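Here the structure comes first, spelled out in C-alpha cells, and everything after it is commentary.
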Amino acid sequence: MMRYGVIGVGAIGGYYGSKLAYSGQEVHFLSHSDYQYVKERGMQVDSCDGSFHLDHVNVYQHPEEMPKCDVVIVGLKTTNNHLLPSLLTPLLHERTVVVLIQNGIGVEADVQKMFPDVQLVAGLAFICSAKTEPGRVNHQCYGSINLGNYSCRDEVVFSRILSDFTAAGVACASVPYNEARWKKAVWNMPFNGMTVALNTRTDLLLKQPSTRQLIRDLMMEVVEASRALGISGVDEAFVEKMIETTDAMTPYSPSMKLDFDFRRPMEIHYLYTRPIEIARAAGYRMRKLEMLEAELRFLSEYQSAKG
C-alpha cells in the first residue's frame, strides 16, 4: 500500500483525499484553518454518489509533522503555489510522485522549476464540488479525474495511483498531458471568468441565447489555440460535448466565482494569462479571452482596492 499526502484540504483535495481514505488507503492531510475541527470531529463528504464520514483523520497543522509520502496530492489554489517549497519539501523522498490537481496551463512547468527532480503528474478533475464550512465537502455532481503524466518516470507507481483512485470509486484514466490540459481549458476559461464578470451561474449563461453563443465562441478560441500548438484531440465536437455536459449539470458556481464571492485571490494567471501568452507565441490571438482576462483583472484590482 502506498502512503498518500494531501496538501490543500478544500473542495478538491478534501474530496479525493477523503475518497482514498474511506477506501482504506493510508492518507495524511495537511490542513491549516480546519485542523482543530477535523482532528476533533473528522471529515464529512456530502456526495451525490453517497455521503460518508471519516471518524478518524490523519490531519496535521505543519508539514514537518507529517511522514514522507509516496504520492502527494496538491489541491491548493495556484495563487498559493509560492508556498510549495515550504509545504511540499518535508513530505518528499527520492521517489515521491506529486499529483497537481490544479487549474490552468503551465502549472507543471513552473512547479518543475521549483523541484527539478520531483516526478509530476497533472490531475484533471471533472467535478462540481465546494467547501464552504470546516470539515465538510459538498460534492454536487460528476467526480472523475484524468491523470496526465508530465515527468513521472516510475510507470508502476503511476499505474498504482490509477488503480487506487478506481478502487476508491473514482473514475480515473490516463490521458496525454497537453491534450488533457487544453481540454480542461475548453471548459475552465469560458465558465470561470464569465460567471465572475456577469455575476451568474453556469446554467444561466447557457439559457440565454447570446451568452450561450459567447460561451461557444470562447471555447472555440481554446480549440484554435490548441491547434496552433499542434495538439490533437481538442476539436469542435469536444466543445459540443462540454456544452451538453454543462446543460445537464446541477446549477453551479465554478471555483473562480466562489473565490471572488468570498473575496479570495482569483487564479487569473494560470487560467488566462499563461494560456493566452502561449497561444500568442504560437501565432494565435485569443481575442475574446484576452478581453475577459482584462475584465477579471479589473474586478480583482477593484475588489482589492475596496479592501
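The values are calculated or read from the model by the stated rules, or taken from the named source; none is laboratory data. In this text the structure is predicted, and so the values were computed from the model without any measurement. Heads up, the Cβs are rebuilt from the backbone with ideal geometry, glycines too, and the neighbour counts pull from every protein chain shown. What goes into the accessible areas is simple: the full protein's heavy atoms, side chains included, and nothing from ligands, DNA or RNA. Shrake-Rupley method; radii C 1.70, N 1.55, O 1.52, S 1.80 Å.
Where Lys and Arg each count +1 and Asp and Glu each count -1, what net charge lies around ASP34 among other residues with Cβ under 13 Å from its Cβ?
Cβ neighbours under 13 Å give a net charge of +2.
Hey, could you grab the Kirkwood Rh for the chain? Inverse mean 1/r over distinct alpha carbon pairs, Å, one decimal.
19.8 Å is the Kirkwood radius here.
For the chain, modelled as a Gaussian network with Cα springs under 10 Å, which listed residue fluctuates most, GLN140, GLN119, GLN213?
Among GLN140, GLN119, GLN213, the largest GNM mean-square fluctuation belongs to GLN213.
Using 20 Å as the Cα-Cα cut-off, could you pick out the over-long pairs in LYS19/LYS131; LYS257/LYS306; LYS131/LYS288; LYS19/LYS113; LYS77/LYS113; LYS19/LYS257?
LYS131/LYS288; LYS19/LYS113; LYS19/LYS257
Taking +1 at the Cβ of each Lys and Arg and -1 at the Cβ of each Asp and Glu, which of ALA185, GLY50, ALA167 sits farthest along the dipole of the chain towards its positive end, judged by Cα position relative to the Cα centre?
It is ALA185, whose Cα lies furthest towards the positive end.
Simple spin-label model, 7 Å along Cα-to-Cβ: SER174 to GLN213 in nm?
Calculated label separation equals 4.5 nm.
MET1 to PHE126: FRET efficiency via 1/(1 + (r/R0)^6), r the Cβ-Cβ distance, R0 35 Å, to the nearest 0.05?
Here the calculated transfer efficiency is 0.85.
Please report, in debye to the nearest 20, how large the charge dipole of the range 166-303 is about its Cα centre when each Lys and Arg carries +1 at its beta carbon and each Asp and Glu carries -1 there.
About 140 debye.
Taking 7 Å along the Cα-to-C-beta vector as the label spot, tell me the LYS288-ASP117 distance in nanometres, rounded to one decimal.
Spacing of the two 7 Å Cα→Cβ label points: 4.8 nm.
What distance in nm separates the simple spin-label points at GLN36 and LEU198, each placed 7 Å from Cα in the Cβ direction?
Distance between label points: 4.3 nm.
One quarter of the convex hull surface, Cα atoms only: what value does that give for the range 110-226 in nm²?
Averaged projected area of the range 110-226's Cα convex hull equals 9.6 nm².
Ranked by accessible surface with a 1.4 Å probe, highest first, in what order do LYS39, LYS77, LYS207 come?
LYS207, LYS39, LYS77
Could you give the dipole magnitude of the chain about its Cα centre, charging the beta-carbon of Lys and Arg +1 and that of Asp and Glu -1, in debye to the nearest 20?
So the magnitude is around 440 debye.
Taking Cα pairs under 8 Å and at least six residues apart, what relative contact order does the chain come out at, in percent?
16
Give me the net charge of ARG153's neighbourhood, meaning all other residues with Cβ under 12 Å from the Cβ of ARG153; Lys, Arg count +1, Asp, Glu -1.
Residues near ARG153 contribute -3 overall.
Amide H to amide H, which residues 5 or more places from CYS152 or on other chains are under 5 Å from it, using H placed in the peptide plane?
Amide H to amide H, under 5 Å and 5 or more residues apart or across chains, CYS152 pairs with LEU120.
Provide the percentage of antiparallel DSSP beta bridges, counting only those with both residues in the range 36-160; round to the nearest 5.
If I count the DSSP bridges inside the range 36-160, around 55 percent turn out antiparallel.
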